[in-house]
Each structure stands twice: as structure tokens, then as C-alpha cells.
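Quick note: the coordinates plus some simple rules give every number you see, no bench work behind them. Source: prediction; values computed, not measured. When we count neighbours, we look across all protein chains shown, and the Cβ atoms used for this are built from the backbone with ideal geometry, even at glycine.
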Amino acid sequence: MLVLGRKKGESIVINDEIELKIISIEGDTVKLGVEAPKNIAIHRKEVYEAIQSENKLAAIQEFSLEDLKEFQKKTRL
């Protein structure tokens, strides 16, 4: 892990396309600004982990053909 020190208003650039900027420091809380291309997903770690967990659960669930047909009926426009 690379550890860098930054002050308020300073930035870190990753791979020429992502910029992390220190917006404010209040006590033990640091507010970061992130500028990145729209195709790059950015999440807090706890949100990312919850998404991954839900995706794993969804991938292992089994559905019958009848379940899928019922779902298709409900989602048709």
C-alpha cells in the first residue's frame, strides 16, 4: 500500500484520469473529492462490499422456468 500525505486542497492523480482531492479535514474525518470518467464506478468500501455480497447471492439463487415466465409477464410493457 502506498501511503501519501496531503493537505487541504492538494490532490493525487491516478493513471492520468482519476483525481482525488482533499476537500476538508475536520477532526478525524477527511472529505475527498473524486473526479473520474463516468464509466468508472466509485463507491465507499462498505457500499461496494454490500453490492458484491448481493451479487454473489443473486448468482447462486435458482429459478424455475415458471418463475422466469412469471417475471417476464410482470415486466412486459
For THR29: the one exception among (1) over 21 Å from the mean Cα position of the chain (by Cα); (2) among the β-branched types (Val, Ile, Thr); (3) exposed (fewer than 11 other Cβ atoms within 10 Å of the Cβ): (1)
Meets criteria (surrounded by 10 or more Cβ atoms within 10 Å (Cβ to Cβ), in contact (Cβ under 8 Å) with a residue 12 or more places away in the chain and either within 18 Å of the chain's Cα centre (by Cα) or within 30 Å of VAL13 (Cβ to Cβ) (or both)) for ALA50: no
